[in-house]
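Report on the structure given below.
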Amino acid sequence: MFRNQKQLDAVEKDIALLEQSGTRYQRMSVEECIKQEPGLMAVSHKLTGGLYLPDDETGDCYLFCQQMTELAKAHGVEFMFDTQVQDVKREGTRITRVVTDKGELEADVYVVAMGSYSTKFMAGLG
Ligand SMILES: Cc1cc2nc3c(=O)[nH]c(=O)nc-3n(C[C@H](O)[C@H](O)[C@H](O)COP(=O)(O)OP(=O)(O)OC[C@H]3O[C@@H](n4cnc5c(N)ncnc54)[C@H](O)[C@@H]3O)c2cc1C
């Protein structure tokens, strides 16, 4: 969905990629968007158009995560759910341990995967 002319103009770059990969697409006017998804009627005044990908699909994120977990466990990964990372300790430029509400953890390698929380959390480390 596009909400202004600037977004509508910027779609050309995306379309070039879609064409390059042979992905089917359809540019849609606001009227066509509403025909495709009548629920948009209520916000039609906020829209300028849309891009429809008829072959797009939605996966089952929950099932995907569950099965990834089982697969990782089978490879020896140990998960600690409901665990809050509270602090990261370092010596010089090296991370030495992670402090959680379930105790401290030491590892050879640390991966930060806190999504949008990552930046704020890591800011203190410079
Ligand atoms: C409304 C919405 C719709 C979206 N729709 C799509 C879509 O249709 N398709 C698509 O591909 N992407 C979509 N995205 C983007 C997608 O959700 C993210 O890109 C993806 O989830 C990022 O994964 P991640 O593992 O990096 O971070 P996240 O999924 O954000 O995971 C970070 C995790 O870190 C945990 N965490 C944070 N701080 C701490 C802490 N101190 N201690 C312990 N744990 C902590 C959080 O609880 C969270 O579970 C959407 C995002 C939003 C917000």
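The values are calculated or read from the model by the stated rules, or taken from the named source; none is laboratory data. Everything quoted here is computed from the prediction, not taken from an experiment. Cβ atoms come from the backbone with ideal geometry, glycine included; neighbour counts cover every protein chain shown. All accessible areas refer to the heavy atoms of the entire protein, side chains included, with ligands and DNA or RNA removed. Shrake-Rupley method; radii C 1.70, N 1.55, O 1.52, S 1.80 Å.
Is there a residue being among the β-branched types (Val, Ile, Thr) and under 23 Å from the mean Cα position of the chain (by Cα) anywhere in the stretch 42-61?
First, the residues of the stretch 42-61 that are among the β-branched types (Val, Ile, Thr): 43, 48, 58.
Add one more test, that the residue is under 23 Å from the mean Cα position of the chain (by Cα), and what stays is 58.
Yes, the stretch 42-61 contains a residue that is among the β-branched types (Val, Ile, Thr) and under 23 Å from the mean Cα position of the chain (by Cα).
Anything in the stretch 110-126 that is part of a helix (DSSP H, G or I) and either surrounded by fewer than 11 Cβ atoms within 10 Å (Cβ to Cβ) or near the ligand (Cβ under 9 Å from one of its atoms) (or both)? List them, or say none. Quick ask: steps written out before the conclusion?
Applying the first criterion (part of a helix (DSSP H, G or I)) to the stretch 110-126 yields 115-123.
Within the stretch 110-126, Gly115, Ser116, Tyr117, Ser118, Thr119, Lys120, Phe121, Ala123 qualify.
Which is surrounded by 12 or more Cβ atoms within 10 Å (Cβ to Cβ), farther than 30 Å from Phe79 by Cα and of a type outside the set (A, V, I, L, M), of Gly50, Gly22?
Numbers: Gly22 fails: surrounded by 12 or more Cβ atoms within 10 Å (Cβ to Cβ).
Just a single option satisfies the conditions, and that option is Gly50.
Does any residue of the stretch 41-53 turn out to be within 15 Å of the ligand (Cβ to nearest atom) and assigned to a loop (DSSP other than H, G, I, E, B)?
Within the stretch 41-53, one or more residues are within 15 Å of the ligand (Cβ to nearest atom) and assigned to a loop (DSSP other than H, G, I, E, B).
Condition check: out of contact with any Leu (no Cβ under 8 Å at 6 or more places or on another chain), open to solvent by less than 60 Å² (accessible area, probe 1.4 Å), under 21 Å from Gly115 (Cα atoms) and not assigned by TED's automatic domain parsing to the domain that holds Ser118. Does Ala10 satisfy that? Can you show your working first?
Numbers: out of contact with any Leu (no Cβ under 8 Å at 6 or more places or on another chain): yes; open to solvent by less than 60 Å² (accessible area, probe 1.4 Å): yes; under 21 Å from Gly115 (Cα atoms): no; not assigned by TED's automatic domain parsing to the domain that holds Ser118: yes.
When the stated conditions are applied, Ala10 does not pass them.
Across the stretch 25-64, what is the number of residues that are farther than 13 Å from Met1 by Cβ, of a type outside the set (Phe, Trp, Tyr) and touching a strand residue (DSSP E or B) at 6+ places or on another chain (Cβ under 9 Å)?
So the count comes out to 3.
Does Val99 satisfy the criteria of being at pLDDT below 95 and either β-branched (Val, Ile, Thr) or in contact with a Phe, Trp or Tyr (Cβ under 8 Å, 6 or more places away or on another chain) (or both)? I'd like the intermediate steps shown before the answer.
On the way: at pLDDT below 95: no; either β-branched (Val, Ile, Thr) or in contact with a Phe, Trp or Tyr (Cβ under 8 Å, 6 or more places away or on another chain) (or both): yes.
Judged against the criteria, Val99 is not a match.
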